[in-house]
Amino acid sequence: MKKIKILIGIAVIALVMIIAGYGFLFTGHTVNEDSEVKIGAILSLTGNSPLMGKTVQQGILTAVDEINEGNGKKIKVIFEDSKNDPKEGISAFHKLNGVDNVPIIITQLSSVTKALVPLADEKEVPLFATITATPKITEGSEWAFRDYYTTEIQGEVMSEFIVDKLKINKMAILYLNDAYGSSAADYFKESFEKREGKIVIMEKYEAGYADLRTQISKIKESDTDGVIVLASDKALGNGIKQVRELGVNLPTFTYTGLDASVLKEVGDAAEGVYVISITYDPENPITNVQKNFVNRYKVKYGELPGHYSAFGYDVTMMINEAIKNGESREEIREGLTLINNYPGVMGQITINSDREVRFPQVVKIMRNGKPGNLE
């Protein structure tokens, strides 16, 4: 009798193992006994762009809290620091892929993301980029996705506003010498000149350079009627502050980089700067999704969430939606392609066939530390 019980026990264990190992034949999805899904995130948490990395991280963690309060799969994010350095980003990717074996990786900033797309293709890991504005990041890669504006579109929006609305036809460009700043400068120049505008002078600077007196003096002495500062994080704040401090009293423009975290660095120098903005306003959330996000973020961090945090939140919530399609890399990749009219902070989100998310953009003017509508 004892021998029979042992044999029955062995048979039961074997049956359970068979069901666990081949359950996907019945469900159509990979079976994962672990109740927690680990995803990776490569952000600029230190280095020359820590403000953006930190706020994106806080948006991601706000989403994780919300997801983990639900009845579905729990999410754990493994964060790695790129320092906004492609080499550091590549090392982080190899760790997340080879050691942690995460099924998807969030990434941020153009120079790092550009370096990671070929690796995502090679290893077949979905890469979801945000705060990455260089055009054509997802082009030719079925594993690369992006939730952010491109410098190409922003160049068109801003140049149209400057020429058609303000009737300014001569501009100076002050830009950060990295992947984002260079592409932003090139696309703005191209779009501005298509509207018969003239770029009088282009001056570049490095992220670590505190003194921009030489570049700004050249701009001040030129025959320009306006200046656009194209950079990110602390470098953007430094550029705008010095333009003002060195007496360039001309209409000044930038893109979406004047997030709440950067505005703390810029202070009153941002007043009157024309900026490309989005419809999301943390001080006036309209939809239930926006209100929920703002309230959760305020409770968790004691401040209002800027648009960098909102993008981090939306990306994480979309990944959670994609995981419902299955937890393998291929199933998550496919799940992202199926997202259509998903209610995000930025509005109804659809991932297009080119794996890009588009949003309406408008030009606003900075008043009292926030973007205001033009009169």
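Taking (1) more than 26 Å from Pro50 (Cα to Cα); (2) outside any helix (DSSP H, G or I); (3) out of contact with any Phe, Trp or Tyr (no Cβ under 9 Å at 6 or more places or on another chain) in turn, Asp164 satisfies each apart from (2). If you go through segment 351-366 and keep only what is modelled with pLDDT of 90 or more and either surrounded by 15 or more Cβ atoms within 10 Å (Cβ to Cβ) or charged (D, E, K, R) (or both), you end up with Ile351, Asp354, Arg355, Glu356, Val363, Lys364, Ile365, Met366.
Can you find, within segment 144-180, the residue that is nearest to Val56 (Cα to Cα) among those that are over 24 Å from the mean Cα position of the chain (by Cα) and of a type in the set (Val, Ile, Thr)?
Of the residues in segment 144-180, the ones over 24 Å from the mean Cα position of the chain (by Cα) are 160-172.
When the remaining residues are screened for being of a type in the set (Val, Ile, Thr), the result is 162-163, 168.
On the way: Ile162: 30, Val163: 33, Ile168: 35 Å.
My answer is Ile162.
In summary, Asn84 fulfils each of the numbered conditions (1) farther than 15 Å from Asp314 by Cα; (2) buried (at least 21 other Cβ atoms within 10 Å of the Cβ); (3) modelled with pLDDT of 95 or more with the single exception of condition (3). Could you look through segment 218-251, keep only residues that are part of a loop (DSSP other than H, G, I, E, B) and under 27 Å from the mean Cα position of the chain (by Cα), and pick out the one that is surrounded by the fewest Cβ atoms within 10 Å (Cβ to Cβ)? Looking at residues that are part of a loop (DSSP other than H, G, I, E, B) and under 27 Å from the mean Cα position of the chain (by Cα), I get Ala231. Tell me whether segment 62-80 contains one or more residues that are surrounded by 20 or more Cβ atoms within 10 Å (Cβ to Cβ), modelled with pLDDT of 95 or more, in the same structural domain as Ile42 (by TED's automatic domain parsing) and closer than 22 Å to Ser183 by Cα. No, the conditions are met nowhere in segment 62-80. Among the residues of segment 315-337, is there at least one that is in a loop (DSSP other than H, G, I, E, B) and under 17 Å from the mean Cα position of the chain (by Cα)? No, segment 315-337 contains no residue that is in a loop (DSSP other than H, G, I, E, B) and under 17 Å from the mean Cα position of the chain (by Cα). Scanning segment 167-192 for residues that are closer than 13 Å to Tyr205 by Cα, touching a helix residue (DSSP H, G or I) at 6+ places or on another chain (Cβ under 6 Å), in a helix (DSSP H, G or I) and not hydroxyl-bearing (Ser, Thr, Tyr) yields one hit, Ala179. Taken over segment 266-325, the residue count meeting the criterion of being closer than 26 Å to Lys241 by Cβ, among the polar types (S, T, N, Q) and assigned by TED's automatic domain parsing to the domain that holds Asn68 is 1.
The values are calculated or read from the model by the stated rules, or taken from the named source; none is laboratory data. It should be emphasised that the depicted structure is a prediction, and the values quoted were computed from it without experimental measurement. Cβ coordinates were reconstructed from backbone atoms using ideal geometry, including for glycine residues, and neighbour counts include every protein chain displayed.
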